[in-house]
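In what follows, a structure is listed as structure tokens, so that the remarks can point back to it.
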Amino acid sequence: MITARPAAPALGLQAYHTAFRGILYRELLRFIHQRSRFFSALVRPLVWLAVFAAGFRAALGISIIEPYGTYITYEVYIAPGLVAMVLLFNAMQSSLSMVYDREMGGMRVLLMSPLPRGYLLLCKLLASALVSVPQVYAFLAVAWWFGVEPPLVGYFWLLPALLLCALLLGALGLFISTFIRQLENFAGVMNFVIFPMFFISSALYPLWKMQEAGELLYRLCQLNPFTYCVELIRFALYGKLNAQALLVVSVTALLLVLMAVLAFNPQRGMTRAGKA
Amino acid sequence: MTPDANLLPRITPLLEVEQLRFAYGAGGPRALDGVSFTLQPGQFHALLGPNGAGKSTLFGLISRLLTIQRGDIRLAGASLQRAPARVLQEVGTVFQQSTLDLDLTVEDNLRYHASLHGIGGAVCASRIETELARLELAAQRKTRVRQLNGGHRRRVEIARALLHRPRLLLLDEATSGLDKRARDAIIRHIRRLCSDRGVGVLWATHLIEEVQSRDPVTLLYQGRVLADDTALQICRDSRRATLVEAFETLTERRPTPVESDEGTAYSTEALST
């Protein structure tokens with residue numbers, strides 16, 4: 001005879017913690033398995049540093065600007081922008097993997113959890129942000145040989161700035177991915193996001209240089225949240241705080257996380273993957 | 001003396017599906033139209049219908065991947081719309097399309113699922129061990145899913161769906177693509193879960209051979225319930241010898257059975273025209 005089993009106890013705080021650890025562990029495993037991802041995350045900014053920056057060094061002089069206390073080489077100037085580039089590419093890679101999971105059905109495992117979906121998506125964003133941290137430090141370790149030698153305390157202050165910026169960029173990627181209908185469209189859409197975000201910012205040239213080039217370009221740089229990510233990272237790397245950048249990045253990250261969670265539609269994967 | 005039905009204690013069904021309606025997109029055709037049925041604890045309940053009948057849509061609704069538009073789903077009395085977390089804690093699902101992470105090992109896939117249900121540490125390790133042994137997968141524990149054959153992958157999905165000890169197990173075409181031997185092994189295991197552990201199973205299939213005469217069956221066709229009774233009773237009511245014939249009578253069509261190594265099925269074309 002079948003007897004009724006008592007209902008499972010309600011999930012407590014420990015369950016939330018376990019879920020976060022599980023999601024982080026999976027992200028780490030996936031990252032470790034994709035060695036080429038780590039390799040490209042390292043090589044991409046190094047090529048910029050070794051080739052692009054070397055070429056521009058002679059043509060471009062950087063006067064004394066905050067947070068640097070002295071004249072700097074172009075390699076030193078460009079390094080924080082390249083750190084932000086690592087975060088940007090990692091965020092887009094993570095969004096791509098979410099679109100892939102959604103299309104292939106893997107996302108269903110996450111969505112059938114009894115925990116709130118908003119919390120699970122936030123865990124995914126945080127896990128992706130944490131995965132980007134070792135990539136950044138690996139890049140900075142190699143960049144040391146190119147003369148990028150921030151104070152040791154900078155490496156410590158960099159960590160919270162990295163996590164905040166990675167959260168912002170990850171949420172942006174997730175938000176955009178909710179509107180991408182097919183996996184094949186992802187690369188095309190991302191090109192329209194990654195390149196303008198990177199080039200129309202203070203990653204490659206200081207803002208005063210942009211202003212010299214044109215007022216419109218300067219205004220666009222000011223509207224680009226990536227600019228504030230770069231500046232937050234730049235100041236943190238030299239043990240200083242850029243309050244304006246911190247405020248803009250924090251508010252934008254919060255808004256984008258909310259928008260990404262609200263825009264996320266679990267039915268999108270279902271309607272294509274398993275309709276019958 | 002016949003006992004008065006009103007005096008008997010009312011037993012809450014494990015699953016109650018009540019007047020479900022669902023359409024993909026506003027104004028689109030209804031994938032489900034007024035679907036209602038119940039499932040008791042320990043029952044192996046077959047959801048039978050050709051491709052496009054609405055089986056996967058129903059599973060999507062029960063597992064909350066789709067949002068209920070009309071009607072309700074209750075699990076042991078708890079409404080999915082009012083208490084989704086309580087319901088999802090008690091539901092394990094195996095979809096027709098694999099949802100395993102091919103690049104992770106069997107164990108890592110199971111661990112990931114367990115963590116999403118708040119199960120970690122020693123409890124997680126012990127449950128993984130139990131389920132892998134039960135489904136004869138202990139040797140594949142450290143194998144990446146990509147290297148497993150179809151039958152093993154299905155078993156991993158079933159083990160995963162059972163890790164959080166659900167009271168209801170949803171299996172959508174769980175034997176599709178498997179040879180007869182692998183199919184029989186999985187069905188045997190699922191039936192044992194019903195009898196030994198009291199798990200209620202909703203088994204969606206288009207293969208009539210997988211249904212036994214005493215199994216409760218819900219016949220789904222074009223989003224509507226054609227019949228909801230035991231297989232034997234459906235045959236009796238339609239005065240047909242087999243469920244295949246009963247289905248033909250109920251749909252007033254003559255779909256062509258297709259013989260394959262998976263058993264007798266219906267061609268989608270025949271049923272959809």
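Quick notes on this one:
- Candidates A:204, A:174, filtered to the one that is under 25 Å from residue A:50 (Cα atoms) and in contact (Cβ under 8 Å) with a residue 24 or more places away in the chain: A:204
- Against the criterion of being loosely packed, with under 15 Cβ neighbours inside 10 Å, modelled with pLDDT of 90 or more, over 15 Å from residue A:22 (Cα atoms) and more than 14 Å from every other protein chain (Cβ to nearest Cβ), residue A:145 qualifies.
- Some residue of segment B:193-200 being among the hydrophobic types (A, V, I, L, M, F, W, C), modelled with pLDDT of 90 or more and not assigned by TED's automatic domain parsing to the domain that holds residue B:108: yes
- Test: residue in segment A:251-271 that is free of Cβ contacts under 8 Å to residues at least 40 places away in the same chain, touching an Asp or Glu at 6+ places or on another chain (Cβ under 9 Å), outside any loop (DSSP other than H, G, I, E, B) and among the small types (Gly, Ala, Ser): no
- Any hit, segment A:107-121, residues being more than 14 Å from chain B (Cβ to nearest Cβ) and under 20 Å from the mean Cα position of the chain (by Cα): no
- Taking the criterion of being in a helix (DSSP H, G or I) and either surrounded by fewer than 22 Cβ atoms within 10 Å (Cβ to Cβ) or facing another protein chain (nearest Cβ under 7 Å) (or both), the residues of segment B:31-58 that qualify are B:55, B:56, B:57.
- Failed criterion for residue B:144 (all others in (1) under 17 Å from the mean Cα position of the chain (by Cα); (2) within 14 Å of chain A (Cβ to nearest Cβ) hold): (1)
- Pairs where the first residue, in segment B:122-143, is over 12 Å from residue B:156 (Cα atoms) and the second is surrounded by 14 or more Cβ atoms within 10 Å (Cβ to Cβ) and of a type outside the set (Ser, Thr, Tyr), C-beta under 6 Å, 6+ apart: B:124/B:114; B:127/B:163
- Within segment B:15-53, the set of residues being among the polar types (S, T, N, Q), modelled with pLDDT under 90 and under 13 Å from the mean Cα position of the chain (by Cα) is empty.
- Residue A:192 meets the stated requirement of being within 21 Å of residue A:90 (Cβ to Cβ), among the hydrophobic types (A, V, I, L, M, F, W, C) and out of contact with any Leu (no Cβ under 6 Å at 6 or more places or on another chain).
- Residue that is modelled with the lowest pLDDT [pool: residues in segment B:122-140 that are closer than 23 Å to residue A:33 by Cβ and surrounded by 16 or more Cβ atoms within 10 Å (Cβ to Cβ)]: B:137
- Test result for residue A:94, under 30 Å from residue B:92 (Cα atoms) and modelled with pLDDT under 90: yes
- Qualifying residue in segment A:164-178 (condition: more than 14 Å from chain B (Cβ to nearest Cβ), out of contact with any Ser or Thr (no Cβ under 6 Å at 6 or more places or on another chain) and part of a loop (DSSP other than H, G, I, E, B)): yes
- Residue in segment A:20-41 that is on the phi < 0 side of the Ramachandran plot, at pLDDT below 85 and touching a strand residue (DSSP E or B) at 6+ places or on another chain (Cβ under 8 Å) present: no
- Some residue of segment A:254-261 being at pLDDT 95 or above and loosely packed, with under 13 Cβ neighbours inside 10 Å: no
- Qualifying positions in segment B:92-121 - free of Cβ contacts under 8 Å to residues at least 12 places away in the same chain and either touching a Cys at 6+ places or on another chain (Cβ under 9 Å) or buried (at least 18 other Cβ atoms within 10 Å of the Cβ) (or both): B:108, B:112, B:115, B:116, B:118, B:120
- Taking segment B:27-63 as the range and being charged (D, E, K, R) and out of contact with any Leu (no Cβ under 6 Å at 6 or more places or on another chain) as the test, the residues that pass are B:30, B:33.
- Qualifying residues in segment A:184-205 (those that are over 15 Å from the mean Cα position of the chain (by Cα), more than 30 Å from residue A:102 (Cα to Cα) and crowded, with 16+ Cβ neighbours inside 10 Å) - the one modelled with the lowest pLDDT: A:205
- For segment B:59-107, the set of residues classified as in a helix (DSSP H, G or I) and of a type outside the set (D, E, K, R) consists of B:59, B:60, B:61, B:62, B:84, B:85, B:87, B:88, B:106, listed by residue number.
- Of all residues in segment B:172-231 being of a type in the set (Gly, Ala, Ser) and on the phi > 0 side of the Ramachandran plot, the one that is farthest from the other protein chains (Cβ to nearest Cβ): B:177
- Identity of the residue in segment B:80-117, of a type in the set (D, E, K, R) and more than 8 Å from every other protein chain (Cβ to nearest Cβ), that ends up farthest from residue B:146 (Cα to Cα): B:82
- Residues satisfying the stated conditions in segment B:104-135, i.e. among the charged types (D, E, K, R) and more than 20 Å from residue A:20 (Cα to Cα): B:129, B:131, B:134
- Segment A:11-49, subset among the basic types (Lys, Arg) and more than 9 Å from every other protein chain (Cβ to nearest Cβ), residue nearest to residue B:144 (Cα to Cα): A:35
- Selection over segment B:65-79 of residues that are more than 9 Å from every other protein chain (Cβ to nearest Cβ) and touching a Phe, Trp or Tyr at 6+ places or on another chain (Cβ under 8 Å) gives a count of 3.
The values are calculated or read from the model by the stated rules, or taken from the named source; none is laboratory data. Predicted model, so just to flag it, every value in this text is computed and none were measured. Every residue, glycine as well, gets a Cβ built from its backbone with ideal geometry; the counts of neighbours run over all protein chains shown.
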